[in-house]
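> What follows is a single structure, and I will ask about it in a moment.
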Amino acid sequence: MQFQIEDMSCEGCVKGITRAIARVDPQAEVSADLSAKTVDIISQMPREAFLPAIEDAGFTVSG
């Protein structure tokens, strides 16, 4: 699943988002493309499980 995160602007942002995702699913595989402002997650958890975690970390998910 892919998330568009417009306010992801640095490696610190990527680390914060990755930590938030890991709190939901420690087994999730996460890859981020900083230039495209996207995060891809491979997980058995539903997409909806990650939205509040990313937003609680201070980021806006737009897609």
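> Helix 11-24 versus the longest principal axis of the chain: what is the Cα-based angle in degrees, 0 to 90, to the nearest 10?
Roughly 20 degrees between the two axes.
> Using just the alpha carbons, could you tell me how many Å³ per residue the convex hull of the chain encloses?
Value for the chain: 67 Å³ per residue.
> Work out the length of the dipole vector of the chain about its Cα centre, built from +1 on the beta-carbon of each Lys and Arg and -1 on the beta-carbon of each Asp and Glu, and round it to the nearest 20 debye.
120
> What angle do you read, to the nearest 10 degrees and between 0 and 90, between the alpha-carbon axis of helix 47-56 and the longest principal axis of the chain?
Around 50 degrees separate the two axes.
Read the figures in this text as sums done on the coordinates, not as results from a lab. Model, not experiment: these values are computed from the prediction. All Cβ positions, glycine included, derive from the backbone under ideal geometry; neighbour counts span all protein chains shown.
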